[in-house]
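For reference, the structure is listed below as structure tokens.
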Amino acid sequence: MADAIGLLRPRTVIEPSLRAVGEWALRFDTFLHVRIGGLVRGTCWLTLDGHEPMLLHEGDTFMLGNPPPYALASTLDAIPRPAKPVWAEARNGLVRIGPDSTEDLYLCVGHIAFDDSNASLLTDLLPPLVIVRAADPRGNALGQLITLLATEVEATAAGGPLVQNHLAQVLLVHMLRAHAGQTDWPCGWLGALNDDGIGAALRAVHSDMAHSWSLQELAEISHMSRSAFAQAFKTHVGVPPLEYLIQWRMNLARDALARDTLSISELARATGYQSESAFSTAFRRVVGSSPAKFRAQARRSVAHGD
């Protein structure tokens, strides 16, 4: 999982925490990638367009993946107002609705954006909403992380943004683990990592992309026959093993070309190809352009500040 998260180049923005009392409702616009939040104290309703309202309790944590517009509210009868101008009035890492009160709601939220070139690696696997309840086996640890994150947001101490960024990414990993554990339907590499056989093969592939992996080698790592491994891999991950291998190599290649860290010949060797021409042919088939053209476009985007 760490390999994939690192490849996505996560950028974390921790938003001001919300303290609210009385009747209130806020409507949030749609956004890309992932938003994570949790209740340090109180209860509130979370409603995504097209989904049934969910009541969140103290200690609950939620993750939104490429969600439609949604609302947070004290009651279902409250009429939502746009959240953006309310958040614009934040002071010292805090948005307040109503007077100061020991009985108020205390909510911590943030969002994590990824490089667009590889973001679908994760976002395509996520439902719009994942909730981990405080009573869930993982809920206690997640609740503690949310509380610590909220404390950091309000503390405005030296090194705060760095701490917040790392806490948010740890929170993301824990939420992904919880989601993978909650689902009994195939959810790509995320769910497959929890499987003893298929997960072992995935970890081997991720740890050594320069190796010329064969179907037989991967099957042996998973302690399966070739046919059983191929069928189980496609069931869990959604694509055949060698197709996944090519896709993963090209994801790494796009990232390296965008950051301009390796020459094309070096990148070919690093991703398991014996020649630059073989690598270029595979890259063009998957990405739709040559490696040189892709890198040139990335350089122009950097030069223009895109």
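The values are calculated or read from the model by the stated rules, or taken from the named source; none is laboratory data. All values derive from a computational prediction rather than experimental measurement. Methodologically, a virtual Cβ is constructed for each residue, glycine included, from the backbone with ideal geometry; neighbour enumeration extends over all protein chains shown.
See the values below:
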read-out: Candidates LYS293, LYS234 - the one that is closer than 28 Å to GLY197 by Cα, out of contact with any strand residue (DSSP E or B) (no Cβ under 6 Å at 6 or more places or on another chain), surrounded by fewer than 20 Cβ atoms within 10 Å (Cβ to Cβ) and without any contact (Cβ under 8 Å) to a residue 40 or more places away in the chain; value: LYS234
read-out: Residues within the stretch 191-221 that are of a type in the set (Asp, Glu) and either at pLDDT 85 or above or touching a strand residue (DSSP E or B) at 6+ places or on another chain (Cβ under 9 Å) (or both), tallied; value: 3
read-out: Members of the stretch 32-87 found to be closer than 21 Å to VAL170 by Cα and among the polar types (S, T, N, Q), listed by number; value: THR61, ASN66
read-out: Which numbered condition GLY272 misses (of (1) assigned to a helix (DSSP H, G or I); (2) closer than 16 Å to LEU202 by Cα); value: (1)
read-out: Residues of the stretch 46-73 satisfying the condition of being buried (at least 17 other Cβ atoms within 10 Å of the Cβ) and under 13 Å from LEU26 (Cα atoms); value: LEU46, THR47, LEU48, TYR70, ALA71, LEU72, ALA73
read-out: Count - residues of the stretch 30-74 that are assigned to a loop (DSSP other than H, G, I, E, B) and either out of contact with any strand residue (DSSP E or B) (no Cβ under 8 Å at 6 or more places or on another chain) or touching a residue at least 60 places away in the same chain (Cβ under 8 Å) (or both); value: 16
read-out: Boolean, MET224 is over 26 Å from the mean Cα position of the chain (by Cα) and either at pLDDT below 90 or part of a loop (DSSP other than H, G, I, E, B) (or both); value: yes
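Table: residues versus (1) β-branched (Val, Ile, Thr); (2) in contact with a Phe, Trp or Tyr (Cβ under 8 Å, 6 or more places away or on another chain).
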position: VAL205; (1), (2): yes, yes
position: GLN216; (1), (2): no, no
position: LYS234; (1), (2): no, no
position: ILE246; (1), (2): yes, no
position: ARG254; (1), (2): no, yes
position: ARG259; (1), (2): no, no
position: TYR273; (1), (2): no, yes
position: ALA278; (1), (2): no, no
position: LYS293; (1), (2): no, no
